[in-house]
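Report on the structure given below.
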Amino acid sequence: MAKRFNGEGTFRQRPDGRWEGRLAYTDDDGTRRRLSFYARSEKEARGKVREAVRRLEQGEPAKDSSQTVSSWCDEWARTTLEASKRKPTTKALMRTVIDKHVRPAKIGSIPLAKLRATHVDAWVLELRGRTRATKDGEVVRTLSESSIARFFRVLGVILDGAVRGERLAVNPARKVERPTAARPDVRALSMDEVSAILAAAMAMDSDPRGHRSHNHALFALIAATGLRKGEALGLGWEDVDFDAGRVEVRVTLSRVGGELIVTAPKTVKSRRSLAPADGVMRLLRTHRTAQLEDRLHAGDKWV
């Protein structure tokens, strides 16, 4: 339903010499609204009213909100982010970006109505300029380019929310060249390095001075299957079928705000069935027996 206007506005010169243009319209939900626009001349005031009419006809807000970027981020986090189906780890990341990288930055104090692409560019440069001194006195950047690219995506999502909420007509971050980070070269561990890790884990498991860690079975499973850490730590014994020789990946375990959170894998493909080598399955069976012994020994102290 299109918004209904009463003419093209009314105009008058104020006692202080400025011109005021007034626009009355009925919103989509039937709400009666009035807006005032101030300018140094009648021509400028008429231009502002015409621009407001054009924006309303395009389904945009008549004028952008005076709310600051920081204030909008807080409102967005309390409402849109909280109600979304994003994973707890993603929500925590977005709140961290707001708290540590948007609110304290210059961009946080800028009203949405005055926010421009150049402000977003300046924010990216501000992030790149953050440095710290190492123990050797060398000055290094505190944020990697991949982190800055991730923060930029978060800001873009938040400002998209301002457009949907009719606080902004256009998201200025969409006019900015997105920061990109080159994919780092990933080096796989050699067989000797994997063997050294597994040997160290086995030594920890058999350390007579403390509680058995059972790290050897965990690392052997990761090395044999390529499981991510969160996937491996999220496994329960109900996910292991010793008769079929298979391990089902159904959840991931993450630490968010000091709490351990179990969530579904990020993608459909991440839910999968694996068939580890027979030797790894034997290690898991041994691990299961040792864990049951530890549980029996601990009694009601078992966690």
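When you scan region 19-49, how many residues do you find that are over 18 Å from Ala113 (Cβ atoms), surrounded by 14 or more Cβ atoms within 10 Å (Cβ to Cβ) and charged (D, E, K, R)?
Here the count works out to 4.
For region 29-142, which strands (runs of 3 or more DSSP E) that fit wholly inside it have 1 or more residues that are of a type in the set (Phe, Trp, Tyr)?
Qualifying strands (runs of 3 or more DSSP E): 32-39.
Considering only residues that are in a loop (DSSP other than H, G, I, E, B) and at pLDDT below 85, look in region 8-28 and name the one that is nearest to Glu42 (Cα to Cα).
First, pick out the residues of region 8-28 that are in a loop (DSSP other than H, G, I, E, B): 8-9, 14-18, 27-28.
After this cut, where a residue has to be at pLDDT below 85 as well, the list is 8-9, 27-28.
On the way: Glu8: 14, Gly9: 12, Asp27: 26, Asp28: 29 Å.
This residue is Gly9.
Could you tell me whether any residue of region 229-239 is within 30 Å of Ala92 (Cα to Cα), in contact (Cβ under 8 Å) with a residue 40 or more places away in the chain and either of a type in the set (S, T, N, Q) or assigned to a loop (DSSP other than H, G, I, E, B) (or both)?
Of all residues in region 229-239, those within 30 Å of Ala92 (Cα to Cα) come to 229-239.
Next, only the ones that are in contact (Cβ under 8 Å) with a residue 40 or more places away in the chain stay: 237.
From the residues that got through so far, the ones that are either of a type in the set (S, T, N, Q) or assigned to a loop (DSSP other than H, G, I, E, B) (or both) too are none.
Scanning region 229-239 turns up no residue that is within 30 Å of Ala92 (Cα to Cα), in contact (Cβ under 8 Å) with a residue 40 or more places away in the chain and either of a type in the set (S, T, N, Q) or assigned to a loop (DSSP other than H, G, I, E, B) (or both).
Under 7 Å between Cβ atoms, at least 6 apart or on separate chains: pull out the pairs that start in region 95-114 with a residue that is crowded, with 17+ Cβ neighbours inside 10 Å and end on any residue that is part of a loop (DSSP other than H, G, I, E, B).
Final answer for the pair search is Leu112/Asp64; Leu112/Ser65; Leu112/Gln67; Leu112/Arg167; Leu112/Leu168.
For a quick check of your reading of the model, give me the residue pairs whose first member lies in region 162-184 and is closer than 16 Å to Ser71 by Cα, whose second is open to solvent by 60 Å² or more (accessible area, probe 1.4 Å) and not in a helix (DSSP H, G or I), with beta-carbon atoms closer than 9 Å and at least 6 apart or on different chains.
Qualifying pairs under 9 Å: Val163/Val170.
Yes or no: Asp241 more than 22 Å from Ser190 (Cα to Cα), open to solvent by less than 90 Å² (accessible area, probe 1.4 Å) and of a type in the set (D, E, K, R)? Don't jump to the end; show me each part of the working.
Numbers: more than 22 Å from Ser190 (Cα to Cα): yes; open to solvent by less than 90 Å² (accessible area, probe 1.4 Å): yes; of a type in the set (D, E, K, R): yes.
Yes; evaluated as a whole, the condition is true for this residue.
Under the condition of being of a type in the set (Gly, Ala, Ser) and either modelled with pLDDT of 90 or more or within 16 Å of Ala244 (Cβ to Cβ) (or both), which residue from region 256-298 is surrounded by the fewest Cβ atoms within 10 Å (Cβ to Cβ)? Give the steps one after another, and end with the answer.
First, the residues of region 256-298 that are of a type in the set (Gly, Ala, Ser): 257-258, 264, 270, 273, 275, 277, 279, 290, 298.
From what's left, either modelled with pLDDT of 90 or more or within 16 Å of Ala244 (Cβ to Cβ) (or both): 273, 275, 277, 279.
Values: Ser273: 12, Ala275: 13, Ala277: 12, Gly279: 10.
Per the criteria, the residue is Gly279.
Just wondering, is there one or more residues in region 240-254 that are part of a helix (DSSP H, G or I), in contact with a strand residue (DSSP E or B) (Cβ under 8 Å, 6 or more places away or on another chain) and not hydroxyl-bearing (Ser, Thr, Tyr)? Spell out the reasoning first.
Here is the first cut: in region 240-254, the ones part of a helix (DSSP H, G or I) are none.
Scanning region 240-254, I find no residue that is part of a helix (DSSP H, G or I), in contact with a strand residue (DSSP E or B) (Cβ under 8 Å, 6 or more places away or on another chain) and not hydroxyl-bearing (Ser, Thr, Tyr), so the answer is no.
So which of Ala196, Ala162, Ala181 is hydrophobic (A, V, I, L, M, F, W, C), under 33 Å from the mean Cα position of the chain (by Cα) and in a helix (DSSP H, G or I)? Talk me through it step by step, then tell me what you get.
Working: Ala196 fails: under 33 Å from the mean Cα position of the chain (by Cα); Ala181 fails: in a helix (DSSP H, G or I).
Every option except Ala162 fails the conditions.
Read through the list (1) in contact with a His (Cβ under 9 Å, 6 or more places away or on another chain); (2) loosely packed, with under 15 Cβ neighbours inside 10 Å, then give the number of the only condition that Lys135 fails.
Here Lys135 clears every test but (1).
Out of all the residues in region 262-303, which are within 18 Å of Glu231 (Cα to Cα), part of a helix (DSSP H, G or I) and polar (S, T, N, Q)?
Across region 262-303, the qualifying residue is only Ser270.
The values are calculated or read from the model by the stated rules, or taken from the named source; none is laboratory data. Given the structure is predicted, the values throughout are model-derived calculations rather than measurements. When we count neighbours, we look across all protein chains shown, and the Cβ atoms used for this are built from the backbone with ideal geometry, even at glycine. Each accessible area value is taken on the protein alone, full model and side chains, heavy atoms only, with ligands, DNA and RNA left out. Shrake-Rupley method; radii C 1.70, N 1.55, O 1.52, S 1.80 Å.
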